[in-house]
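Colleague: Have a look at this one before I ask anything.
Just so it is clear, none of the values below were taken in a lab; they were calculated from the coordinates. Everything quoted here is computed from the prediction, not taken from an experiment. Because the Cβ atoms are built from the backbone with ideal geometry, glycine has one as well, and the counts that use them run over all protein chains shown.
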Amino acid sequence: MASVVSENLYRMTTLQISQDLPEDDDVSNTIIELKNVWKIYQLGETEVQALRDVDLKIKKEEFVAIMGPSGSGKSTLLHMIGVLDRPTSGKIYLDGTDISKLNDSELARLRGKKIGFVFQFFNLYPTLSARENIELPMRILKRHRDEREKKSSKLLKTVGLENRAEHLPSQLSGGERQRVAISRALANDPPLLLADEPTGNLDSKSGEEIMKFLNKLQEEEKVTVVMVTHEEHIAKHAERIIRLKDGKIVDGG
Ligand code: ADP
Ligand code: MG
């Protein structure tokens, strides 16, 4: 909670983030770009090369799935795309901004503005209703009550939960909770939605349903979706599948 609030507080300030554009001419069409990215974890004597010289470009409004065996670097790659962490070497451009030029608080602010996160275990606030959970990010940005209600109603409708608005998370099924969590992630209209195993805690029917709604939200909200999954039937809902092996992209890059 504390980190979500403080991260959101950053968004309320008005610091101008300098734009540092990569040279590519298709930059306006690219939401995230990784160039020669390495991520190396040092564990005592041991060095783990979690990502090895990864190049990746994801277009605005693309729907991408990341697949690969356990330990292949999927979560690390998603963390890099979500600028939750910095690469050991290489460059990352988020919507045209070179993140190496930003300090930690500028980076947190950029992340807050550009990225919505969805997790395997929903992470909803148990004492807030579905609608209140969705409206929380908008409340933190002090968006007007009418605007909040309009947006949360639209999102609840899109994910088929207009009759569950006043329910608490404990009164919702797993699939319904994840639909609330996805709606909350999109409340402030970030251009990029990241999801680490969003169906990992759901039965296959609820998982399929989540994918149906993700596809619909992606079209309606014009958002880029990057999702980690280990299930082929979930990944096939994406337009592109990136496959990782031993920290390298072996397909779809
Ligand atoms: P995946 O999500 O595909 O299972 P991860 O990205 O979590 O893979 O991990 C890739 C490799 O990096 C693994 O060998 C893992 O043990 C290692 N790793 C991940 N995070 C850390 C960390 N914080 N410290 C040390 N090693 C890590
Ligand atoms: Mg993982």
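Colleague: If you count the DSSP beta bridges with both ends in the stretch 2-251, what percent of them are antiparallel, to the nearest 5?
Modeller: Of all bridge pairs located within the stretch 2-251, approximately 55 percent are antiparallel.
Colleague: I've got another one for you. In whole Hz, what ³J(HN,Hα) sequence does the stretch 93-100 give by Karplus (6.51, -1.76, 1.60; θ = phi - 60°), x for Gly and Pro?
Modeller: Those phi angles translate into 10, 9, 6, x, 9, 6, 5, 5 Hz.
Colleague: Sort Ile81, Ile40 so that the residue with the fewest other Cβ atoms within 10 Å of its own Cβ comes first and the one with the most comes last.
Modeller: Ascending number of Cβ neighbours within 10 Å: Ile40, Ile81.
Colleague: So what's the convex hull volume per residue for the Cα atoms of the stretch 185-253, in Å³?
Modeller: Spelled out: Cα convex hull of the stretch 185-253, divided by residues, is 100 Å³.
Colleague: First check a/c for the stretch 102-248, with a ≥ b ≥ c the square roots of the eigenvalues of its C-alpha gyration tensor; if it is under 1.5, answer rounded, and if not, answer prolate when a/b is larger than b/c or oblate otherwise.
Modeller: Cα axes put the stretch 102-248 in the oblate bin.
Colleague: So for Thr224, Thr88, fewest C-beta neighbours within 10 Å to most, what's the order?
Modeller: The fewest-first ordering by Cβ neighbours comes to Thr88, Thr224.
Colleague: Now a separate question. What percent does the relative contact order of the chain come to when contacts are Cα pairs within less than 8 Å and at least six residues apart?
Modeller: Result for the chain is 28 percent.
Colleague: Quick one: grab Rg to one decimal and Dmax as a whole number for the stretch 2-251, Cα atoms only, in Å.
Modeller: 18.0, 57
Colleague: Near Gln218, within a Cβ-to-Cβ distance under 12 Å, what is the net charge of the other residues, with Lys and Arg +1 and Asp and Glu -1?
Modeller: Computed value for this residue: -2.
Colleague: Please tell me which of these pairs span more than 30 angstrom C-alpha to C-alpha: Lys74/Lys142; Lys35/Lys142; Lys101/Lys248; Lys142/Lys236; Lys35/Lys154?
Modeller: Those over the limit are Lys74/Lys142; Lys35/Lys142; Lys142/Lys236; Lys35/Lys154.
Colleague: Could you work out how far apart the two model spin labels at Asp246 and Lys216 are, taking each label as a point 7 Å from the Cα in the direction of the beta carbon, and quote it in nm?
Modeller: Computed distance between label sites Asp246 and Lys216 equals 4.4 nm.
Colleague: Expressed as a rounded percentage, what relative contact order does the stretch 122-253 have, with Cα pairs under 8 Å and six or more residues apart?
Modeller: 23
Colleague: Quickly work out the Lys101-to-Arg143 label distance, labels modelled 7 Å from Cα along the C-beta direction, and quote it in nm with one decimal.
Modeller: 2.8
Colleague: If amide hydrogens are placed 1.01 Å from N in the peptide plane, which non-local residues have theirs closer than 5 Å to the one on Lys59?
Modeller: Ile31
Colleague: Using +1 at the C-beta of Lys and Arg and -1 at the C-beta of Asp and Glu, which of Gly73, Phe121, Tyr93 has the Cα lying farthest in the positive direction of the dipole of the stretch 2-251?
Modeller: Phe121
Colleague: Residues of the stretch 72-89 with the amide nitrogen closer than 14 Å to a label point 7 Å from the Cα of Glu47, along Cα-to-Cβ, please.
Modeller: 88-89, by backbone N distance to the label point.
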